[in-house]
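The values are calculated or read from the model by the stated rules, or taken from the named source; none is laboratory data. What you are looking at is a predicted structure, and each value in this text was computed from that prediction instead of being measured. Reconstructed Cβ throughout: ideal geometry from the backbone, glycine too, with neighbour counts over all protein chains shown. Surface accessibility is based on the protein's heavy atoms, side chains included, excluding ligands, DNA and RNA. Shrake-Rupley method; radii C 1.70, N 1.55, O 1.52, S 1.80 Å.
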Amino acid sequence: MPLQLLALIALLPIALALVLMVGLRWPATRAMPLAWLVTALAGFFVWKMPLGFVVASTLNGFGGAINVLIIVFGAILILYTLRDSGGMETINHGFHGISRDRRIQVIIIATVFSAFLEGAAGFGTPAAIAAPLLLSLGFPALAAAMVCLILNSFPVTFGAVGTPIWFGLKNLKPQVEAAIAAGQTGDITSFAMFLKVIGQWAALLHLPLIYLLPLFVNMMLTRFFGEKKSWTEGLGAWKFSLFASTCFAVPYVATAFFIGEEFPTLIGGLIATALVVTAAKKGFLLPKTSWDFGPQSKWEKEWTGEITTSENCEFKAHMSQFRAWLPYILIGAILVLTRLTSLPLKAWLNSISITVPDIMGYASVDFSMKPLYLPGTIPFMLVAILTIFIHKMPGAKVAAAWSDSIKRMKNPAIALFFAVALVEIFKQSAQNTIGMPSMPLSMAQTAAAMTGSTWPMFASFVGALGSFITGSNTVSDLLFAEFQYATASQLEISRQIIVALQAVGGAMGNMVCIHNIVAASATVGLVGMEGLLIRRNALPLLLYGLIVGALGLLLVYVLYPGLY
């Protein structure tokens, strides 16, 4: 079968999901089961996957969805626990003492604090924590989810202590080491050095967007959610935005160059959060005029979800700010302590595993869950339990928080079960009996054949495709890094820059990946608005890819044409 036809068939489930959710505004609970069905039929009839293999892949996907749902549940539980303990209202009271300007709140919570969470944990944690926090401050649910998803992009390449680089690119080791042995790699003398160089290029490619994206997101905020529907109102906080971007960008890039690929986002987010909050408290570079949403009576119906936002945002303190923030401090501290390989906690948590190998007898279909290493368990649920004692919650309020959290899980569960099952069939389609490329690879190869020497302009979009399908920058890199490396070799252009574009693309794809859209929507109570989020987030994704692609072309053909 021609490669182009394979690519078209592989594209059908994605196109169907987009048409149903974005065009017809179906909720993901209805759209994803249909998209899964089309994927299953394509796997069985076109890729000649045995029926049992399709069923096994689906079951493995259902298992993978449980991992994601535990994270979502933990995030919702933190939100409801703090709601019922009085901690959230106390945080809101204190935050209004820093700045009531929604644009500043976006910069502090959705940009730098969220980046710190990404650096420590990744895997959907930032949006799961930051979006409900913005919701509690009085943001419309749709606005909270939108800004958190878009801004959780440039931190992601180095998320979860660099996992997308050091683990996502591991399959390139044989090719790189062979090139080193043949003397083709210049100053690169080891695979570890190759990964560090990829991190350096990725940080530089992200750099312009670290400055531009927060500005653009605030412009989107004021355009779509402001009374005046003005783009320019978002630029009112430009001084503070550029200051915050610098606070993040300097340690981010410096860490990539002088330390390595594990800590740029973690260190950048930590330093930036401390500096930006301190500056905001002192009124440094804050806008003279504060910006806010209009009265809720004028909000559009689609802006809000099942979790209500208080109309009166005059909050009172029920405890000290330290006690109120202590659950979030514990979350950050525990994430760092359990993600550093130099400490024993990571190995211990990973040692406790639930595995189901060779599902239905198929060797490539293995389910694995590490329940204690999932952020939803430790730290989210653990901290929710500790908060009962820290905030001295009565039993009735504890029961209400847990009951409400459980009730909120129905809709995201349905959508995620079928979304992750679809992903698993996509990945397992590589194990077909007729030697055809997998569904994702057939699309990528077709795109490369169509673009030729202009490939650097489009390489990041393949990384974004991988994240959109799989919900993970790491898995996108695992899927497409070898393809990107081979394409660069075939075109005789820089392998390291093209692979860096893949890593950057996987990060920007987080804006629209179905896993994150469904999970973020669930944490703020949005139902049936997943398609609207995808449509809103598509513009910044496109701009991100075009800017990064143009930089890629410039680097590959003008500045560094002979680079390995």
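If the chain linking Leu11 and Ala182 were pulled fully straight, counting 0.36 nm for each residue of separation and taking away their Cα-Cα distance, it would gain 57.7 nm.
Would you mind calculating the relative contact order of the chain from Cα pairs under 8 angstrom and at least 6 residues apart, reporting the percent as a whole number?
Once normalised by length, the contact order is 28 percent.
Please give the FRET efficiency for Ile329 paired with Lys392, using the beta carbon to beta carbon distance and R0 = 22 Å, rounded to the nearest 0.05. Calculated value: 0.80. Helix 439-451 and the longest principal axis of the Cα set of the chain meet at an angle near 80°.
Counting only protein heavy atoms and using a 1.4 Å probe, the accessible area of Trp299 comes to about 30 Å².
Computed over all pairs of different Cα atoms, the Kirkwood value for the hydrodynamic radius of segment 458-564 is 14.3 Å. In this structure, the amide hydrogen of Trp26, modeled 1.01 Å from its nitrogen in the peptide plane, lies closer than 5 angstrom to those of Met21, counting only residues at least 5 positions away or on a different chain.
Remark: the Ile385-Ser297 segment gains 28.0 nm on full extension, using 0.36 nm per residue and subtracting the alpha carbon distance.
Length gained on full extension, Tyr557 to Gln431: 41.7 nm, using 0.36 nm per residue less the C-alpha separation. Each label was represented as a point 7 Å from its Cα along the Cα-to-Cβ direction; for Ala449 and Thr232 these points are 5.0 nm apart. A Förster radius of 35 Å, combined with the Cβ-Cβ distance separating Lys288 from Ala550, puts the computed FRET efficiency at roughly 0.50. Distant-in-sequence amide contacts of Phe367, defined by a placed amide H-H separation under 5 Å and a gap of 5 or more residues or a different chain, comprise Val356, Asp358, Ile359.
Straight-line reach only, C-alpha to C-alpha below 19 angstrom: list the aspartates and glutamates that Lys228 could link to, leaving out same-chain residues fewer than 8 apart. Candidates past the 8-residue exclusion: Asp101, Asp292, Glu300, Glu302. Placing a label point 7 Å from the Cα of Ser364 along the Cα-to-Cβ direction, the residues of segment 38-58 whose backbone N falls under 17 Å from that point are 39-58. Placing dummy labels 7 Å off each Cα toward the beta-carbon, the span from Lys410 to Lys48 is 4.5 nm. Calculated FRET efficiency, Thr189 to Ala254, Cβ-Cβ distance, R0 = 35 Å: about 0.95 to the nearest 0.05.
Projected label points at Leu343 and Val356, each 7 Å from Cα along the beta carbon direction, are separated by 3.3 nanometres. Once the Cα atoms are used to define both axes, helix 141-151 deviates from the longest principal axis of the chain by about 50 degrees.
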